[in-house]
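Report on one structure; see the data block that follows.
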Amino acid sequence: MKRKTRTITVNNMKYVWWYGLGAGIAQINLSPVNDKTSVITVNFLCDTEEITDESEKYVGIEKYPEYITIDSVGDIKTISPAMTAFMLSHLKSDDFVTRKHITYSGFDLLAEWGFTVNEITYGIYW
């Protein structure tokens with residue numbers, strides 16, 4: 001059986017992370033290893049008005065942003081260790097607050113940090 005959480009080290013700091021998919025959202029959850037009460041969730045929301053194809057007529061099939069093409073970085077899978085490391089390398093340690101669960105929009109964070117999303121590739125799950 002796979003573990004639901006994984007550990008990652010970024011800038012000599014250890015973090016626990018896990019991901020989730022649901023209702024057009026790909027999300028990664030980040031928490032320092034030494035303070036698991038502090039959680040930051042980064043959501044990548046699906047713009048459902050942009051997507052129409054054959055798979056949408058089947059009940060239980062949902063779409064989510066699977067890959068994002070960022071101008072100077074390239075393609076990154078939204079629920080991958082690479083995206084987790086990318087987010088952690090740009091978040092400050094002050095962003096993690098004990099006993100707080102903070103939620104950010106991934107696309108808003110990228111824009112705030114000066115990155116441009118050139119393309120979004122959608123995946124499906126059921």
So, D94, is that one assigned to a helix (DSSP H, G or I), under 18 Å from D35 (Cα atoms) and open to solvent by 60 Å² or more (accessible area, probe 1.4 Å) or not? yes
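Residue by residue, here is whether (1) open to solvent by 70 Å² or more (accessible area, probe 1.4 Å); (2) at pLDDT 90 or above; (3) polar (S, T, N, Q); (4) part of a helix (DSSP H, G or I) holds:
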| position | (1), (2), (3), (4) |
| --- | --- |
| N43 | no, yes, yes, no |
| A82 | no, yes, no, yes |
| T98 | yes, yes, yes, no |
| F107 | no, yes, no, yes |
How many residues are under 23 Å from T7 (Cα atoms) and without any contact (Cβ under 8 Å) to a residue 60 or more places away in the chain if we restrict to region 79-109? 10
Find all pairs meeting these conditions: Cβ atoms under 6 angstrom apart; at least six residues apart or on different chains; first residue within region 16-31 and in a loop (DSSP other than H, G, I, E, B); second residue surrounded by fewer than 17 Cβ atoms within 10 Å (Cβ to Cβ). G24/T48
Going residue by residue through region 46-59, is there one that turns out to be surrounded by 12 or more Cβ atoms within 10 Å (Cβ to Cβ), of a type in the set (V, I, T), at pLDDT 95 or above and touching a strand residue (DSSP E or B) at 6+ places or on another chain (Cβ under 7 Å)? no
Does V16 satisfy the criteria of being more than 20 Å from Y122 (Cα to Cα) and either open to solvent by less than 90 Å² (accessible area, probe 1.4 Å) or modelled with pLDDT of 95 or more (or both)? yes
Unmet criterion (only one of (1) modelled with pLDDT under 85; (2) not in a strand (DSSP E or B)) for I124: (2)
Mind listing just one residue for me: the one in region 109-126 that is surrounded by 12 or more Cβ atoms within 10 Å (Cβ to Cβ) and β-branched (V, I, T) and, of those, farthest from A23 (Cα to Cα)? V117
Is it fair to say T69 is of a type in the set (S, T, N, Q) and modelled with pLDDT under 85? no
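The values are calculated or read from the model by the stated rules, or taken from the named source; none is laboratory data. Remember, it's a predicted structure, so these values are computed and weren't measured experimentally. All Cβ positions, even for glycine, are placed from backbone atoms using ideal geometry, and neighbour counts span all protein chains on display. When the accessible area is computed, the model is the full protein with side chains, heavy atoms only, and any ligands, DNA or RNA have been set aside. Shrake-Rupley method; radii C 1.70, N 1.55, O 1.52, S 1.80 Å.
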